[in-house]
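See below for the structure under consideration.
Nothing in this text is a laboratory measurement; each read-out follows from the coordinates by a stated rule. The shown structure was predicted, so the numbers you read here are calculated from the model rather than taken from an experiment. We place every Cβ from the backbone using ideal geometry, glycine too, and count neighbours over all the protein chains shown.
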Amino acid sequence: MKKILILGAGGQIGSELSARLRDIYGNDNVICSDLRPLSGPIYERGPIERIDSTQIMQIAAAVKKHNIDTIYNLAAILSATAELNPMLGWNVGIGSLVNSLEVARLFGCAVFTPSSIGAFGPSTPLDGTPQDTIQRPGTIYGVTKVTGELLSDYYFKRFGVDTRSVRFPGLISNVTLPGGGTTDYAVEIYYAAAKGEKFICPLGKDTMLDMMYMPDALDAAINLMEADPSKLIHRNSFNVAAMHFTPEEIYAEIKKHKPEFQMEYNVDPIKQSIADSWPNWMDDSCARNEWGFNPKFDLAAMTVDMLDILGKRYSK
Ligand code: NAD
Ligand code: SER
């Protein structure tokens, strides 16, 4: 049975990955940690630690104490927030990654660190973005992601550390709100619709971006970490995608269920310029061929699920 440490477990992904990993591997075999205090039913199911992942000794102490063999490194500052404070984006993204890799090297752990569509930039082919292609991002977030991919491959080749990663697109979920990314609008729009509020969209109406529903993202992370290593030609990092749409298209999909829903545009120039530099859609055939990536939700199915869950939560 794996013994897992999650860094950054309190965020959009971590709050759901914590529950899923505990379902699979057992509550006591998954240690949830974050810089911020963790509270609530998900975390109370098993051990928690307060870890600042920029401090290597804190990670090492937890790995030693709990006999950890796998680290899910989720601590990061997302794209739009990082652009407002680039040094924070670099220090958290890279600090957490380097510390995870060094602790993994010393204690023999596997490491999962998400990369992102943000690892691409304006000179990348934006339609059908290949697995192996130009990566010259124009954001500090993207710089940390490309660095992370390279360092993770380096630790695998140089030291044999079992590093694996996916390039997540924008993730849509209904447990914890996203932490300051460019794709957050695609989550917030459902909350507005469920609450009966008008939505102000920060991206222009034709801005196409790759997206994925959280259940498919959790499957991707866990299935990659469980994959037969002899089948992996790539490691850091796999393109994974499930759907792509513009604000107009997600708005139209929601209106099929909520005809009264209203959206207006007030474009945020920072988010717009980031979004314009990211892929419209990625080619994820390597993930499908090498470890069986197979997402289940498209825009229509996700919209039904999101409005059902949030509708029950916010119904008066
Ligand atoms: P999030 O912002 O929701 O959560 C990040 C967590 O890290 C937060 O709980 C925060 O408290 C914690 N954290 C920040 N600084 C820390 C530190 N010094 N030590 C320990 N914890 C710290 O982010 P998320 O959406 O859950 O993303 C997790 C990972 O997935 C990140 O690497 C992110 O870049 C990547 N990713 C996310 C998306 C997405 O759409 N959510 C898409 C692509 C990639
Ligand atoms: N959702 C993330 C962001 O917008 C993509 O990595 O920052």
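Every residue, every condition in (1) more than 22 Å from Val166 (Cα to Cα); (2) charged (D, E, K, R); (3) under 19 Å from the mean Cα position of the chain (by Cα), yes or no:
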position	(1), (2), (3)
Leu35	yes, no, yes
Pro41	yes, no, no
Gln55	yes, no, no
Asn73	no, no, yes
Leu78	no, no, yes
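So which strands (runs of 3 or more DSSP E) stay within the stretch 58-133 end to end and still have 1 or more residues that are touching a Lys or Arg at 6+ places or on another chain (Cβ under 8 Å) and polar (S, T, N, Q)?
70-73
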If a residue counts only when it is out of contact with any Ser or Thr (no Cβ under 8 Å at 6 or more places or on another chain) and farther than 20 Å from Ile117 by Cβ, which helices (runs of 4 or more DSSP H) contained entirely in the stretch 201-316 have at least 2 such residues?
214-226, 247-257, 299-314
Checking the condition within 29 Å of Pro122 (Cα to Cα), out of contact with any helix residue (DSSP H, G or I) (no Cβ under 7 Å at 6 or more places or on another chain) and of a type in the set (S, T, N, Q), which residue from Thr182, Thr246, Thr207, Thr144 passes?
Thr246
Restricted to the stretch 170-187 and to residues being in contact with a strand residue (DSSP E or B) (Cβ under 9 Å, 6 or more places away or on another chain) and closer than 14 Å to Leu78 by Cα, the residue surrounded by the fewest Cβ atoms within 10 Å (Cβ to Cβ) is Pro178
Within the stretch 82-103, track down each residue that is in contact (Cβ under 8 Å) with a residue 60 or more places away in the chain and surrounded by fewer than 17 Cβ atoms within 10 Å (Cβ to Cβ).
Leu84
